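Structure, as structure tokens:
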Amino acid sequence: MRMHHVGLVVRDLYAQELFYRTMLDFATEYRYSSRNTPGLRTVFLRRGDAVVELLSTADPEKIPAVSDGAVAGEGHLSLEVDSVEGEYERLRALGAPNLTPPRNTGDGFREFTLTDPEGNRIEFCRRIRPFAAPPLAGVIFDLDGTLVDSEDNYFEADRILLEEYGVAFHPDMKKKYVGYSNFLMMEELHRDYNLPDGPEVLLEKKNAIYLDLARRNTPAFPEMRRLLPLLEERGLALAIASGSSPSVIDEVLAVAGIDAHFPLRLSAEEVPRGKPAPDIFLEAARRLALPPDSLVVMEDAKYGVEAAVRAGMRCVAIPSLPQPPLDPAFSMADLLFEAGMAAFSADAFLTWLDGQGGVRENGNA
């Protein structure tokens, strides 16, 4: 028998995983969304022989608040044994309290649990098969900076808009808003600069300026243009999830000549919260009628990477501003092209895709 891992129940799975990775130098072994217990998501992290399992439930309000010196929620110790059944029968004969029958977990363990005299949970486990990620069924694309080369147009639209109000807009100011909902950006600019027009008016003006620029030149990135039909040949569902307004999404896709690939298009204006909240990706999964863990998101911004991971989806990050050091959020992507679009290739993405548990055929695992 040996210690296998320590399990911690957490309120914010994304923030906790990022902490263990950036502060304690753990690496993510895998992320798992349980089919047996809907709403339960786990992350296994490893540093050398030390393994930590982070667990999150669908209802974080059920987890007690953190107080000084206390852990949020019910954790557990997990001990690895040679024979789960043999250890279970030994403990049952001894009258161990609160024994649960051995079971197989969705991520490849045979296990049972008991509690010690003070109610702490102890898990006995043995891995019976390697973890296998669910086959992929679809790809959700961010639009600007990921599919189409539009960030310069967006900067120019912001610059022209704010010039009207006497505000000088510089490239360094734009970095904060890459991947942000356009409406949220207008809300912040309205508040920060005390602009006389409200966010709705500002967004309407910005969209008009941007579309005038976009109609002149908004190319799709060549490797993305090559990738789209290859994904369709594999039977993968494709969708857009963008911070732009719905009418802007439609027109930009048409100008770039890739609109036929995307029957499903979602704007952050159609969900309660924009990125980095996961709402837009979860809504895309709902409309595609696919489990979130069967989808991969293509993103260029830190907010989009965070939103994808929070949604329980895999993520490929292609930073549109790849100057080092990259924001730590990019390290959470399952595949990162650190040099941005200059390093991205359709072939490299497809090779990674082939290692992700395969592709679901006709939407069936």
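Looking at the square roots a ≥ b ≥ c of the eigenvalues of the Cα gyration tensor of the chain, which shape do they give, rounded for a/c under 1.5, prolate if a/b is larger than b/c, or oblate?
Numbers: a/c = 2.60, a/b = 1.87, b/c = 1.39.
Note, shape of the chain comes out prolate.
Could you tell me what percent of the accessible area of region 72-200 is made up of carbon and sulfur, with a 1.4 Å probe and every protein chain present?
Of the solvent-accessible surface of region 72-200, carbon and sulfur hold 50 percent.
Give me the net charge for the shell around Lys302: Cβ to Cβ below 11 angstrom, other residues only, Lys and Arg +1, Asp and Glu -1.
Taking every other residue near Lys302 into account, the sum is -1.
Work out from phi, with θ = phi - 60° and the Karplus expression 6.51 cos²θ - 1.76 cosθ + 1.60, the ³J(HN,Hα) of each residue of region 337-354, listed in order in whole Hz, and give x for Gly and Pro.
In residue order, the calculated couplings are 9, 4, 8, x, 4, 5, 9, 6, 9, 4, 5, 5, 5, 5, 4, 4, 4, 5 Hz.
Out of Leu335, Leu189, Leu114, whose Cα points farthest toward the positive end of the dipole of the chain (charges: +1 Lys, Arg; -1 Asp, Glu; placed on Cβ)?
Of the candidates, Leu114 comes out farthest on the positive side.
Taking the alpha-carbon centroid of each part, what is the distance from region 228-284 to region 103-171 in angstrom?
Spelled out, the Cα-based centre of one part sits 17 Å from the other.
Excluding residues fewer than 8 places away in the same chain, name every one of the lysines whose C-alpha is closer than 25 Å to that of Lys205.
The reachable lysines, counting only those whose Cα sits under 25 Å from Lys205, are Lys174, Lys175, Lys176, Lys275.
Give me the 1.4 Å probe accessible area per residue for the chain, excluding ligands and nucleic acids, in Å².
Spelled out: the 1.4 Å probe surface of the chain, per residue, equals 47 Å².
At a Förster radius of 22 Å, what calculated FRET efficiency corresponds to the Cβ-Cβ distance of Tyr165 and Arg286, to the nearest 0.05?
Result of the calculation: an efficiency of 0.05.
What angle do you read, to the nearest 10 degrees and between 0 and 90, between the alpha-carbon axis of helix 84-93 and the longest principal axis of the chain?
50 degrees
Could you rank Lys205, Lys275 by how accessible they are, 1.4 Å probe, largest area first?
Details: Lys205 60, Lys275 10 Å².
Of Lys205, Lys275, the descending order of accessible area is Lys205, Lys275.
Using packing as a proxy for protection, rank 322-335, 235-248, 281-294 so that the peptide with the highest average count of other Cβ atoms within 10 Å comes first. Can you show the working numbers first?
Working: 322-335: 16.4, 235-248: 21.8, 281-294: 19.4.
So the order, starting with the most tightly packed, is 235-248, 281-294, 322-335.
Within the set of other residues whose C-beta is less than 14 Å from the C-beta of Glu156, count the net charge using Lys and Arg as +1 and Asp and Glu as -1.
After counting each charged neighbour, the total is -2.
Suppose we keep just the DSSP beta bridges with both residues in region 119-271; what percent of those would be antiparallel, to 5?
10 percent
With springs only between Cα atoms under 10 Å, which of Asn217, Asn182, Asn207 fluctuates most in a Gaussian network model of the chain?
Looking only at Asn217, Asn182, Asn207, the biggest GNM fluctuation is shown by Asn217.
Excluding Val271 itself, calculate the net charge of residues whose Cβ lies under 9 Å from the Cβ of Val271, where each Lys or Arg counts +1 and each Asp or Glu counts -1.
Net charge in that neighbourhood comes out at -3.
Would you mind telling me which residue in Pro38, Pro199, Pro319 has the biggest mean-square fluctuation in a Gaussian network model of the chain, where springs connect alpha carbons within a distance under 10 angstrom?
Pro38
Helix 151-163 versus the longest principal axis of the chain: what is the Cα-based angle in degrees, 0 to 90, to the nearest 10?
Between helix and principal axis, roughly 60 degrees.
Give me the angle, in degrees from 0 to 90, between the Cα long axis of helix 279-288 and the longest principal axis of the Cα atoms of the chain, rounded to the nearest 10.
Its long axis makes an angle of about 80 degrees.
The values are calculated or read from the model by the stated rules, or taken from the named source; none is laboratory data. As the structure is a prediction and not an experimental result, all values here were calculated from the model. Virtual Cβ from ideal backbone geometry, glycine too; neighbours counted across all protein chains shown. With ligands, DNA and RNA removed, areas are computed over all heavy atoms of the protein, side chains included. Shrake-Rupley method; radii C 1.70, N 1.55, O 1.52, S 1.80 Å.
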